[in-house]
Amino acid sequence: MRSKNEVGELALLDKIRRRIGRAGSGVQLGIGDDCALLRPRPGEDLAVTTDLSIDGRHFKLDWHSPQTVGHRTLARGLSDLAAMGARPIATFLSLGLPPELVQNTKRRSSAWIDLFYDGFLALAGKHKTLLAGGDLAQSPIAVADIVLIGAVRRGHALLRSGARPNDLLYVTGKLGGAVAGFTKLAKLASARAARHSTTGLKVPARLATALQPHLFPQPRIEQGLWLVRHQVATAALDLSDGLSTDLHHLCDESNVAAEVDVTALPLFPDTTVEQALHGGEDYELLFTASRAKRVPSAILGIPVTCIGHIVKRQQSKPTVTLLTPQGAESLERRGWEHFS
Ligand SMILES: [Mg+2]
């Protein structure tokens with residue numbers, strides 16, 4: 001006989017299965033069998049990434065709505081596919097949740113987990129990413145672990161290692177918005193009396209736009225695909241740890257150095273240069289391109305800004321130099337960790 005827990009889990013899986021579509025492009029077989037079956041197109045490489053989100057570390061149940069947690073869980077992984085120029089195919093999601101997040105409560109018509117899937121599946125649908133499997137277990141703390149599979153034209157994935165001296169350095173979108181939004185959310189949290197909640201903070205309408213980059217970051221999938229299609233970028237990565245840290249990653253992998261013009265940084269409204277340089281989780285793309293390539297000022301509606309250039313690496317010089325009106329200074333890696 002199946003235990004009450006098992007019956008509950010099966011019913012939940014059935015509910016999720018009914019919410020997601022049929023197998024999409026690249027997925028032969030989704031949820032229901034022992035394994036999913038994936039089939040990329042001929043001449044494609046598979047791109048695979050995993051990402052772990054933990055309550056208190058990557059999100060807070062009493063700060064973030066379940067929809068936000070669902071969205072952000074997937075956005076982090078999708079952004080890595082965007083950075084490789086990969087087309088998302090499928091995602092696998094394993095959840096470890098305390099029982100009160102799975103059950104309906106008297107006060108609320110939907111359980112936390114249902115609202116989590118609202119956020120998760122809305123973003124998955126937007127980027128045609130099929131939820132093709134996963135697992136669910138009881139856990140003392142909320143944990144969401146995802147695997148994302150994408151496909152990219154064989155040999156054309158955007159790597160961190162391709163930047164060359166004299167290349168120009170570009171970034172999509174605006175910078176600093178995620179950390180600025182997070183700071184505002186933290187202020188809301190401290191203004192409110194401490195109480196245990198799993199619904200997240202109620203965000204006043206006047207803060208909705210400012211909090212958007214933190215609560216609902218948009219992975220630049222379309223822009224990554226565009227860069228591959230037009231063979232524009234020599235190297236790329238997504239800004240998850242903050243520009244200062246991520247640019248060091250790119251320089252290290254390419255064995256080059258970089259100079260960033262502080263006056264060129266595209267700041268999100270109401271953010272500081274510090275936040276743009278070091279704030280993480282913007283999930284914009286940072287890429288390099290040869291000066292011979294014409295890079296448009298926007299790709300599919302998202303602005304693209306040249307913020308500097310690549311130079312030869314020299315032992316005596318910093319890896320990343322910040323050019324300011326007062327002169328040049330070394331830009332240290334100071335990626336920001338939200339909850340540390
Ligand atoms: Mg990444």
Would it be correct to say that ASP34 is more than 16 Å from the ligand (Cβ to nearest atom), within 24 Å of THR199 (Cα to Cα) and at pLDDT below 95?
-> no
So which residues in region 81-90 are closer than 19 Å to LEU121 by Cβ and either part of a loop (DSSP other than H, G, I, E, B) or more than 16 Å from the ligand (Cβ to nearest atom) (or both), if there are any at all?
-> ARG87, ILE89, ALA90
Filter region 207-235 down to the residues that are of a type in the set (Gly, Ala, Ser) and farther than 25 Å from GLY125 by Cα, then identify the one that is farthest from the chain's Cα centre (by Cα).
-> ALA233
Could you identify the single residue in LEU323, LEU331, LEU300 that is within 25 Å of GLY85 (Cβ to Cβ) and in contact (Cβ under 8 Å) with a residue 60 or more places away in the chain?
-> LEU300
Report whether or not LEU78 is touching a His at 6+ places or on another chain (Cβ under 9 Å) and either polar (S, T, N, Q) or within 16 Å of the ligand (Cβ to nearest atom) (or both).
-> yes
Within region 54-75, residues within 16 Å of the ligand (Cβ to nearest atom) and at pLDDT 95 or above come out as ARG72, THR73, LEU74, ALA75
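Table: residues versus (1) among the hydrophobic types (A, V, I, L, M, F, W, C); (2) in a helix (DSSP H, G or I); (3) more than 30 Å from ALA191 (Cα to Cα); (4) touching a residue at least 60 places away in the same chain (Cβ under 8 Å).
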site: LEU61; (1), (2), (3), (4): yes, no, no, yes
site: VAL69; (1), (2), (3), (4): yes, yes, no, yes
site: LEU95; (1), (2), (3), (4): yes, no, yes, no
site: ASN104; (1), (2), (3), (4): no, no, no, no
site: SER109; (1), (2), (3), (4): no, no, no, no
Quick check, is LEU159 touching a helix residue (DSSP H, G or I) at 6+ places or on another chain (Cβ under 9 Å) and within 15 Å of the ligand (Cβ to nearest atom)?
-> yes
Scan region 169-193 for residues that are modelled with pLDDT of 95 or more and small (Gly, Ala, Ser) and jot them down.
-> GLY173, GLY176, GLY177, ALA178, ALA180, GLY181
Among the candidates SER244, SER254, SER316, single out the residue that is at pLDDT below 95 and either under 30 Å from ARG57 (Cβ atoms) or small (Gly, Ala, Ser) (or both).
-> SER316
Flag for SER53 being among the small types (Gly, Ala, Ser) and within 26 Å of LYS187 (Cα to Cα) | yes
Filter pass, LEU97 being crowded, with 17+ Cβ neighbours inside 10 Å, of a type in the set (A, V, I, L, M) and modelled with pLDDT of 95 or more | yes
What are the residue pairs meeting all of these: first residue in region 216-242, first residue over 12 Å from VAL295 (Cα atoms), second residue aromatic (Phe, Trp, Tyr) and within 11 Å of the ligand (Cβ to nearest atom), Cβ atoms under 8 Å, and 6 or more apart or on different chains?
-> PRO217/TYR283; GLN218/TYR283; PRO219/TYR283; ARG220/TYR283; ASP238/TYR283; LEU239/TYR283; SER240/TYR283
Region 229-264, residues that are within 16 Å of the ligand (Cβ to nearest atom), within 19 Å of ALA151 (Cα to Cα) and of a type in the set (A, V, I, L, M) | ALA233, ALA235, ALA236, LEU237
Assess whether GLY32 counts as being farther than 19 Å from ASP114 by Cα and crowded, with 16+ Cβ neighbours inside 10 Å.
-> no
Just checking, how many residues over region 262-290 are hydrophobic (A, V, I, L, M, F, W, C) and in a strand (DSSP E or B)?
-> 5
Failed condition for PRO40, given (1) part of a helix (DSSP H, G or I); (2) closer than 18 Å to ALA82 by Cα = (1)
Count of residues meeting criterion [under 20 Å from ALA75 (Cα atoms) and surrounded by fewer than 23 Cβ atoms within 10 Å (Cβ to Cβ)] in region 279-290 | 1
For region 119-127, does any single residue satisfy the condition of being aromatic (Phe, Trp, Tyr), assigned to a helix (DSSP H, G or I) and either over 30 Å from LYS15 (Cβ atoms) or touching a strand residue (DSSP E or B) at 6+ places or on another chain (Cβ under 6 Å) (or both)?
-> no
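The values are calculated or read from the model by the stated rules, or taken from the named source; none is laboratory data. What you are looking at is a predicted structure, and each value in this text was computed from that prediction instead of being measured. Neighbour counts run over all protein chains shown; Cβ positions are idealised from the backbone, glycine included.
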